[in-house]
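Report on the structure given below.
The values are calculated or read from the model by the stated rules, or taken from the named source; none is laboratory data. None of the values given here were measured: they were computed from a predicted structure. In this analysis, Cβ positions are derived from the backbone assuming ideal geometry, glycine residues included, and neighbour counts consider all displayed protein chains. Remember, those area values only see protein heavy atoms, side chains included, never the ligands or the DNA or RNA. Shrake-Rupley method; radii C 1.70, N 1.55, O 1.52, S 1.80 Å.
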Amino acid sequence: MTPRSRDAVRPLAVVPTPGPYDDFEPRPRSELATRVFNIIVAGLMLVLAAPVMLLAALAIRLSSRGPILYMQERVGLDRRWTRTRALNERRREDLGGAPFTIFKFRSMRVDAEANGQAVWAKQNDDRVTRVGKILRATRIDELPQLFNVLRGDMNIVGPRPERPSIFVRLREQIDEYPVRQRVRPGITGLAQVSNPYDQTIDDVRRKVAYDIAYMRRQSLAEDIRIMARTVPVMLLRIGGW
């Protein structure tokens, strides 16, 4: 068989078919105006929430052993989803976005993940402390993330950031899941004020649909509307446990 004939029978390389969201771009917005807005809002909220945060910290300290704050790695903004931006950011492995450390008030026992495996929270989760149940139901446990906003890791409004290990699993099951990382993650979002905590993969799919709907119309006005809807979620304990 001649060299030419051997080449002729080689299998062709498989070219991946673009998914429906490969070319999706969030609605353009001014990064400077968005950053200034988030710094101002986060600063004001920290001042207003300081007494509540102090009481929460004291309650955690007195009610259970362990640290007051819970720090965890999450997947943040992905600046590599276009070829132009790929030149400006290089990572050793594709986590789906730039990793960052998120801050929360600790609401679970210190041994909640003793085996090191990431586990979704569930209703009546026995890992949650008595104080933690109140913090989670009122979303007070999320308040330390205002410092993440000041650091530039997050915005007030945006898709909720996920842990790297869970992110990897979800992007394998939901094709459009990585699209969420094309905007900066947020403390609250359209998905959070429209649904309770995730319990199933279908819950996640529904929230991704809300996240993409937000990205299609993102603006400062939309952020203010979502923040206004977040207040009753916190005060009336809607969707939390």
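Some notes on this structure:
- Among the residues examined, M234 qualifies as touching a helix residue (DSSP H, G or I) at 6+ places or on another chain (Cβ under 7 Å) and open to solvent by 30 Å² or more (accessible area, probe 1.4 Å).
- Checking the stated criteria, P161 turns out to be open to solvent by less than 30 Å² (accessible area, probe 1.4 Å), at pLDDT 85 or above, closer than 19 Å to Y210 by Cβ and of a type outside the set (A, V, I, L, M).
- Residues that are assigned to a loop (DSSP other than H, G, I, E, B), under 27 Å from I40 (Cβ atoms) and touching a residue at least 12 places away in the same chain (Cβ under 8 Å) within the range 190-237 comprise Q218, S219, listed in sequence order.
- Only one of D175, D141, D198 that is open to solvent by 30 Å² or more (accessible area, probe 1.4 Å), within 30 Å of R130 (Cα to Cα) and not aliphatic (A, V, I, L, M): D198
- Counting only helices (runs of 4 or more DSSP H) that sit wholly inside the range 1-95, those with at least 2 residues that are of a type in the set (S, T, N, Q) and either modelled with pLDDT of 95 or more or open to solvent by 100 Å² or more (accessible area, probe 1.4 Å) (or both) are 31-63.
- For the range 189-197, the criterion of being within 12 Å of the chain's Cα centre (by Cα) and closer than 18 Å to I140 by Cβ is satisfied by at least one residue.
- Among residues that are over 19 Å from D153 (Cα atoms) and in contact with a Gly (Cβ under 6 Å, 6 or more places away or on another chain), P196 is included.
- Hits in the range 178-189 - residues which are open to solvent by 10 Å² or more (accessible area, probe 1.4 Å) and of a type in the set (A, V, I, L, M, F, W, C): V183, I187
- Unmet requirement for L146, which otherwise passes all of (1) among the hydrophobic types (A, V, I, L, M, F, W, C); (2) open to solvent by 10 Å² or more (accessible area, probe 1.4 Å); (3) in contact with a Leu (Cβ under 8 Å, 6 or more places away or on another chain); (4) in a helix (DSSP H, G or I): (2)
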